[in-house]
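Notes to accompany the following structure.
The values are calculated or read from the model by the stated rules, or taken from the named source; none is laboratory data. A quick note: this is a predicted structure, and the numbers were derived from the prediction, not measured. Methodologically, a virtual Cβ is constructed for each residue, glycine included, from the backbone with ideal geometry; neighbour enumeration extends over all protein chains shown. Calculation scope for accessible area: heavy atoms of the full protein, side chains included, ligands and nucleic acids excluded. Shrake-Rupley method; radii C 1.70, N 1.55, O 1.52, S 1.80 Å.
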Amino acid sequence: MNNGNFQTFFDCGFSKIRAGTFNTSNNNEAFYFESEFFTDQSNLELKIKKIITSLEKNTNKYIDNINLMIDSPKVLSVGISLSKKFDGSKLKQANIQFLVQEAKQQILKYYKNHNIAHIIINNYKIDSVNYSYLPDEIKCDFISLDMLFICLPTDLVVYFKNIFSKANILVDQIICSSYAKSINYKDELNPSGHTSFIDIGFNRTSVISYFNEKILSLDVLPLGGNHITRDISKILELDLERSEKAKRNFSQGHKLPNYLNISVETLQKIIFARTEEILKLCVKSAESTSLTSVRFKMVLMGEGSKILENQHKDIISISNDIDFLEETSEGICQSGLKFTTRPNKQEVVVIPKRQIKHGFFEKFFHFFR
């Protein structure tokens, strides 16, 4: 039995599953596995069990706990502001905890079908002065907090928890995958000004916008790569499997299948009509929260973005600067690891990874990892 203490992350998408396990005692020891691309989720449980078996074989250690990274077209991003008067005394962390707890209860009351995955404090307004982070040793008469709650659909969370429960595995932490990835890539790229990360998935597209270090918004559009496949299927009267194959061959620059009795240009028109629609909606979403009128940068990632990584990408009539991220299983799983281990002064951790005896508020919140 390996003596290493492994931490495991599963990124469970609608068309591919990626997993990575990391030895916390040895930064150089990590193992990764990903499934093949799929469109049929009926045997998802079997695919997950196969990955679990592979990781356990490589690490020579049973997996008892994992961190789950998921996304959904039904992800909600809810902004809320709360304020409170004080008597000019020194501001304490308990005062912030009280306001966060009050906001959390409001979210749980009005969004009963969602689980809170992330709580982000965007701004502290203390006596009319704005702060990105809570200042040390500051006296206060009046404070206002601007918070962003990222919520995942409860039924999706329960669905995956049940799958891992059947394998005798507990889920420690639920992470919104596109949000965690955007933080990791932002830290790596270190962009300035307004930058939007566009994560194009199977049936949704997430738009996560930042201004320097500050997150502006997270918006989810119910459109993704599968909608392009369905367009091909409808227009060319093909089944979805052949339509998906045609799309992937096009995106990879391969020769089109023989059953497609059309030109590359015709397929290109079908594909890019929907792609341009998705990107224009992303621009509209990002512009609605922009702090400046200056043209912002778009960073594309996700399986669905691969359709633009070829010689035809210039056909898209988007004036914004567009960069592409070639995602790997390693990069995605490392995004989860870095999210749970690196300090993040803006985020409140909803549920601690390991429950030990704490005070009332600390049971709900571990501040500023």
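Annotation note: of Ile175, Ile169, Ile163, Ile150, the sole residue that is among the hydrophobic types (A, V, I, L, M, F, W, C) and in contact with a Ser or Thr (Cβ under 7 Å, 6 or more places away or on another chain) is Ile150. Could we say that Thr53 is among the hydroxyl-bearing types (Ser, Thr, Tyr), farther than 17 Å from Glu303 by Cβ and buried (at least 18 other Cβ atoms within 10 Å of the Cβ) here? No, not satisfied. Just one of the listed residues (Ile96, Ile107, Ile121, Ile52) is in contact with a Cys (Cβ under 9 Å, 6 or more places away or on another chain) and not polar (S, T, N, Q), namely Ile107. Somewhere in the stretch 25-33, is a residue out of contact with any strand residue (DSSP E or B) (no Cβ under 6 Å at 6 or more places or on another chain) and surrounded by 15 or more Cβ atoms within 10 Å (Cβ to Cβ)? Taking every residue of the stretch 25-33 in turn, none turns out to be out of contact with any strand residue (DSSP E or B) (no Cβ under 6 Å at 6 or more places or on another chain) and surrounded by 15 or more Cβ atoms within 10 Å (Cβ to Cβ).
I'm told Thr59 meets every condition in (1) without any contact (Cβ under 8 Å) to a residue 24 or more places away in the chain; (2) surrounded by 13 or more Cβ atoms within 10 Å (Cβ to Cβ) except one. Can you identify the failing condition by its number? Tallying (1) without any contact (Cβ under 8 Å) to a residue 24 or more places away in the chain; (2) surrounded by 13 or more Cβ atoms within 10 Å (Cβ to Cβ), Thr59 fails exactly one: (1). Looking only at residues in the stretch 4-18 that are touching a residue at least 60 places away in the same chain (Cβ under 8 Å) and in contact with a Ser or Thr (Cβ under 7 Å, 6 or more places away or on another chain), the one that is surrounded by the fewest Cβ atoms within 10 Å (Cβ to Cβ) is Lys16.
Only one entry in Lys92, Lys61, Lys57 is within 30 Å of Ile215 (Cα to Cα) and either modelled with pLDDT under 90 or among the basic types (Lys, Arg) (or both), namely Lys92. The set of residues from the stretch 34-50 being in contact (Cβ under 8 Å) with a residue 12 or more places away in the chain, under 17 Å from Gly201 (Cβ atoms) and either open to solvent by 50 Å² or more (accessible area, probe 1.4 Å) or small (Gly, Ala, Ser) (or both) comprises Glu34, Ser35, Glu36, Phe37, Thr39, Gln41. Each residue in the stretch 141-178 was checked for being farther than 30 Å from Ser128 by Cα and either out of contact with any Gly (no Cβ under 8 Å at 6 or more places or on another chain) or open to solvent by 30 Å² or more (accessible area, probe 1.4 Å) (or both), and 24 pass.
Just one of (1) among the β-branched types (Val, Ile, Thr); (2) under 28 Å from Asp146 (Cα atoms); (3) out of contact with any Cys (no Cβ under 6 Å at 6 or more places or on another chain) fails for Ile262. It is (2).
Number of residues in the stretch 184-235 that are of a type in the set (A, V, I, L, M, F, W, C), over 20 Å from Glu303 (Cβ atoms) and open to solvent by less than 40 Å² (accessible area, probe 1.4 Å) equals 2.
One residue stands out in the stretch 210-223 among those that are at pLDDT below 95 and in contact with a Phe, Trp or Tyr (Cβ under 8 Å, 6 or more places away or on another chain): the one that is nearest to Ile150 (Cα to Cα), namely Leu216. Restricting the stretch 266-280 to residues that are farther than 15 Å from Asn226 by Cβ and touching a residue at least 24 places away in the same chain (Cβ under 8 Å) leaves a set whose member that is most open to solvent (accessible area, probe 1.4 Å) is Lys280.
Against the conditions (1) touching a Cys at 6+ places or on another chain (Cβ under 8 Å); (2) assigned to a strand (DSSP E or B); (3) over 21 Å from Ser285 (Cα atoms), Phe160 satisfies every one except (2). Among residues that are farther than 24 Å from Leu279 by Cβ and either within 16 Å of the chain's Cα centre (by Cα) or assigned to a strand (DSSP E or B) (or both), Val207 is not included.
With respect to the conditions (1) of a type in the set (A, V, I, L, M); (2) touching a residue at least 40 places away in the same chain (Cβ under 8 Å); (3) under 22 Å from Lys166 (Cβ atoms), Val78 falls short on a single one, namely (3). Of all the residues in the stretch 273-309, those that are at pLDDT 85 or above and of a type in the set (Val, Ile, Thr) number 4.
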